[in-house]
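Structure first, commentary second.
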Amino acid sequence: MKIVQLTPYAMDRPGGVQSHIRDLCTWLRENGHETRIIAPPSTTGQPKMDGVIELGQSRKIAVHGTKFELTRASRSALSNCVAELRDWGAEVAHLHTPWTPMLPFQVWRALDVPAVATFHATLPESAGFDPLSWALRRSAHWFNRRLSSVVVPSVAPQNQWRENGVTPLPKVLAPTVNLAAWRKARDTATPSTGFNAICMGRLEDRKGTATLLTAWRKVQENRPDARLIIAGDGPCKADLLAKAARDDLHSVTFVDPPSDTQARDLIAQADVLVAPALHGESFGLVLIEAMAAGTLPVAAANAGYATVMTGPGRELLVPPSDTAALTAKLLDLACHPALQSRLLRWAKGHADHNDVRHLGPAYETLFRDALR
């Protein structure tokens, strides 16, 4: 098959969707298919990966406590891109978060080939009327009638589609990545002393990093050997640095967003990855990657993370924004190595279920069914 992946996110921007697209395309090529990725232009100037066609322009906007790009291609650029894809022989398209305006939608409508879509996002809950959420929920019905198949990464967004009265419901198909490099990082990690934690990601309100800093104060008091690295950047960084200084969190170190290799090494060296996101998560590939690297994720029980941390993994969930519960969970793990070991045995096997060598065939079937 000749498969086109359509994404509204630049491929050099860190993120689970980009990792999923990259590793799925590699697996598809290794299994005899051809792929092209249509994405907005690079934001860092890094070399493009094979098969990426950069298209359009983007600008960032902030909605619901997070930032994302509005992307759009000019008529002439779109026409040239579609002509190139048709000459190549494109057969099926895979849209990612197509309700994010508007590059994937543009290419899909102009290309006019059978298509499937993954709606990666879990929409925020709102007590009042939210025009954006209302518009996106209405668009779900529109897409559902026009796509060969719709999938969501977990039951969290699927439940929102159910509440919205969309039929048929989208299938649940988790995003997938190649975990080999994460397992290698685990196997080559240097044993460390003390209790080491890491938090990695964009520093914005909804990610809950302020909750972690508040919780860490008592961890530091009770475990002088504890260390926390916060890796990332974002609009809250200055406030978080000020909070750490004000609370004398001398065991906390802030570092810039790491490269992929650095991220794997940092996580593999830690005892726990702390993921305190308050809301807005539809899955949690970072939790899977941490487990493959031999690191336990301590995660907020938002709708998306709760779908990943099942079975024994529920022991590693804490209520979002509950600093006392987060403190208690971290200290429990720090003080009980046998508990860490037991949960790690579960985590390594659980992570492997999401490796592309296991889930890749399900995506291959999804594309074949679209062509029937």
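The values are calculated or read from the model by the stated rules, or taken from the named source; none is laboratory data. Since we're looking at a predicted model, the values are computed, not measured. With ideal geometry, Cβ positions are generated from the backbone for all residues, glycine too; neighbour counts draw on all protein chains shown. What goes into the accessible areas is simple: the full protein's heavy atoms, side chains included, and nothing from ligands, DNA or RNA. Shrake-Rupley method; radii C 1.70, N 1.55, O 1.52, S 1.80 Å.
A few points about this structure:
- Degrees between helix 337-352 axis and first principal axis of the chain (Cα, 0 to 90, nearest 10): 10
- Rg and Dmax over the alpha-carbon atoms of the chain stand at 20.9, 65 Å.
- Taking Lys and Arg as +1 and Asp and Glu as -1, the other residues whose beta-carbon sits under 13 Å from that of residue 84 total +1.
- Reachable aspartates and glutamates from residue 329, criterion Cα separation under 16 angstrom, eight or more residues apart if same chain: 221, 271, 315
- The phi-based Karplus calculation (6.51 cos²θ - 1.76 cosθ + 1.60; θ = phi - 60°) puts the 3J(HN,Hα) values of segment 12-25 at 8, 7, x, x, x, 5, 5, 4, 4, 4, 4, 6, 5, 4 Hz, whole numbers, x for Gly and Pro.
- Cβ-based net charge around residue 245, under 13 Å, with every Lys or Arg adding one and every Asp or Glu removing one: +1
- From phi via Karplus (6.51, -1.76, 1.60), per-residue ³J(HN,Hα) for segment 230-247 in Hz, x at Gly/Pro: 10, 10, x, 8, x, x, 9, 4, 4, 5, 5, 4, 5, 5, 4, 5, 4, 8
- Accessible carbon and sulfur surface of the chain relative to its total accessible area, %, 1.4 Å: 51
- Whole-Å distance, taken between Cα centres, linking segment 321-364 and segment 289-309: 5
- With Cα atoms, 0 to 90° folded angle of helix 209-222 axis to the chain main axis: 20
- Heavy-atom accessible surface of the chain, averaged per residue, reaches 44 Å², computed with a 1.4 Å probe.
- Taking 25 Å as the straight-line reach from the Cα of residue 171, the lysines in range (excluding those fewer than 8 positions away in the same chain) are 2.
- Count Lys and Arg as plus one, Asp and Glu as minus one, and take only other residues whose Cβ is under 10 Å from that of residue 215; the net charge is then +2.
- For residue 172, the amide hydrogen comes within under 5 Å of the amide hydrogens of 152, counting only partners 5 or more places away or on other chains and with H modelled in the peptide plane.
- For residue 318, the amide hydrogen comes within under 5 Å of the amide hydrogens of 299, 300, 301, counting only partners 5 or more places away or on other chains and with H modelled in the peptide plane.
- Using only the C-alpha atoms, the convex hull of segment 16-63 corresponds to 95 Å³ per residue.
- Tilt relative to the chain, helix 260-269 - C-alpha long axis, 0 to 90 degrees, to 10: 30
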